[in-house]
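Colleague: I'd like to ask some things about the structure below.
The values are calculated or read from the model by the stated rules, or taken from the named source; none is laboratory data. These figures come from a predicted structure and were not determined experimentally. All Cβ positions, even for glycine, are placed from backbone atoms using ideal geometry, and neighbour counts span all protein chains on display.
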Amino acid sequence: SIVYLNGDFMPAEQAKISPMDRGFLFGDGIYEVIPSYNGRFVGFAPHIARLQDGLAQLSIDPALNLADWQAICKQLLADNAGDNLAVYIQVSRGTDSKRNHAFPANIKATVFAYAFAIAPEPVADKSKATTYNVVTGQDLRWQRCHIKSTSLLGNVLHYQQGYASGAQEILLFDSNGNLTEGAAVNVFVVKNGVIATPPLSNKLLPGITRLLLLTILRKHSSITIEERDISEQDVFAADEIWLTSSSKEIAPVLKVNEHTVGTGEVGDVWLAAQKLFSRHKYDE
Ligand code: PLP
């Protein structure tokens, strides 16, 4: 495959990064994953806006604007085979000869991007939905979960916790008992036709799929949407639970721990939401 590293496109085997890179030593960097289907990206501008925002919060400046990112990502689609490709972008603070915690002066950010094959785009069809079983757990990550940091150990450990329990994701709750998100997804619950999701804060990633879904539903439906605290009780009382992420879009959850969600089948509100998402996701 062809990858991008610091201004050049090259075969993946030729891409080399120093072990002194702060991305490797400290996890000092930001990443993005942007899905595309048949050459069209979903949510390209908001993905890049979140990347720029994260980099600004860490005072990392790769000196690339939206048009530059567009050129890099389009080139990766052109140079790599496949109709369904996501582009992974990682920007670290760069390479320094000393392992000092403080930000080194005058180092150049390391910019890496590559394309990888993803599943075909999810379809709004109950019988074709990929469904999930999840477990619950206490959110033990740091207090800057709004930053899409490459320091993913907290998320990796929570994901593994779910996986080791035979589930495919984990719903995390903060010390006040409020739902934050999953290890790699945002979470929505539906009760009596009303959709709710936790409000944005330092406790969760501002997911682009979450953003697109909220925007699309507000524009194209009259479904009531609440951004509010969600308790464990709300989760167990929900008629439907969904996980959202760039690769999953909107994925129904059928089991939480030993509890069956709603009727135990993919819900009607999911169908309506995924239909609208599929129709309008390239507009935003
Ligand atoms: N929350 C976490 C912790 C994630 O890692 C991700 C994405 O991988 C998401 C939420 C969903 O974000 P997005 O919809 O931008 O893919």
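Colleague: From ILE30, ILE60, grab the single residue that is closer than 25 Å to ASN202 by Cα, assigned by TED's automatic domain parsing to the domain that holds ALA113, free of Cβ contacts under 8 Å to residues at least 60 places away in the same chain and crowded, with 18+ Cβ neighbours inside 10 Å.
Modeller: Just one listed residue meets the conditions, ILE60.
Colleague: Another question about this same structure. Does THR150 satisfy the condition of being under 30 Å from PHE173 (Cβ atoms), touching a residue at least 12 places away in the same chain (Cβ under 8 Å) and within 16 Å of the ligand (Cβ to nearest atom)?
Modeller: yes
Conditions (1) touching an Asp or Glu at 6+ places or on another chain (Cβ under 6 Å); (2) touching a residue at least 60 places away in the same chain (Cβ under 8 Å); (3) not in a loop (DSSP other than H, G, I, E, B), marked per residue:
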{"residue": "HIS158", "(1), (2), (3)": "no, no, yes"}
{"residue": "GLY162", "(1), (2), (3)": "yes, no, yes"}
{"residue": "GLY166", "(1), (2), (3)": "no, no, no"}
{"residue": "LEU171", "(1), (2), (3)": "no, yes, yes"}
{"residue": "ALA184", "(1), (2), (3)": "no, yes, no"}
{"residue": "PHE188", "(1), (2), (3)": "no, yes, yes"}
{"residue": "ILE195", "(1), (2), (3)": "no, yes, yes"}
{"residue": "LEU200", "(1), (2), (3)": "no, no, no"}
{"residue": "LEU204", "(1), (2), (3)": "yes, no, no"}
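Colleague: If you take the residues in the range 1-27 that are touching a Ser or Thr at 6+ places or on another chain (Cβ under 7 Å) and surrounded by fewer than 18 Cβ atoms within 10 Å (Cβ to Cβ), which one is farthest from THR150 (Cα to Cα)?
Modeller: ALA12
Colleague: Another question, if that's okay. Just checking, how many residues over the range 124-136 are surrounded by fewer than 18 Cβ atoms within 10 Å (Cβ to Cβ) and more than 19 Å from the chain's Cα centre (by Cα)?
Modeller: Number satisfying all stated conditions: 4.
Colleague: If you don't mind, another one. Determine the pairs where a residue that is without any contact (Cβ under 8 Å) to a residue 60 or more places away in the chain and over 13 Å from GLU284 (Cα atoms), located within the range 210-235, has a partner that is within 16 Å of the ligand (Cβ to nearest atom) and hydroxyl-bearing (Ser, Thr, Tyr) with Cβ atoms under 9 Å apart, the partner being 6 or more residues away or on another chain.
Modeller: Listed pairs, sorted by first residue: ILE225/THR197; GLU226/THR197; GLU227/THR197; ARG228/THR197; ILE230/THR197.
Colleague: Counting residues that are in the same structural domain as ALA273 (by TED's automatic domain parsing) and away from the ligand (no atom under 16 Å from the Cβ), which strands (runs of 3 or more DSSP E) fully inside the range 211-263 reach at least 3?
Modeller: 249-256
Colleague: Out of everything in the range 153-194 that is of a type in the set (Phe, Trp, Tyr) and within 12 Å of the ligand (Cβ to nearest atom), what residue ends up being surrounded by the most Cβ atoms within 10 Å (Cβ to Cβ)?
Modeller: PHE188
Condition check ((1) among the small types (Gly, Ala, Ser); (2) surrounded by 15 or more Cβ atoms within 10 Å (Cβ to Cβ); (3) within 13 Å of the ligand (Cβ to nearest atom)) across all residues:
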{"position": "ASN38", "(1), (2), (3)": "no, no, no"}
{"position": "PRO46", "(1), (2), (3)": "no, yes, yes"}
{"position": "ARG50", "(1), (2), (3)": "no, yes, yes"}
{"position": "ALA56", "(1), (2), (3)": "yes, no, no"}
{"position": "ALA71", "(1), (2), (3)": "yes, no, no"}
{"position": "LEU76", "(1), (2), (3)": "no, yes, no"}
{"position": "TYR88", "(1), (2), (3)": "no, yes, yes"}
{"position": "ASN106", "(1), (2), (3)": "no, no, no"}
{"position": "PRO120", "(1), (2), (3)": "no, no, no"}
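Colleague: In addition: Mind listing just one residue for me: the one in the range 11-35 that is within 25 Å of the chain's Cα centre (by Cα) and farther than 12 Å from PHE112 by Cβ and, of those, nearest to the ligand (Cβ to nearest atom)?
Modeller: Ranking the qualifying residues of the range 11-35, first place goes to VAL33.
Colleague: Go through (1) surrounded by fewer than 17 Cβ atoms within 10 Å (Cβ to Cβ); (2) touching a residue at least 24 places away in the same chain (Cβ under 8 Å); (3) on the phi < 0 side of the Ramachandran plot one by one and return the number of the condition ALA67 breaks.
Modeller: (2)
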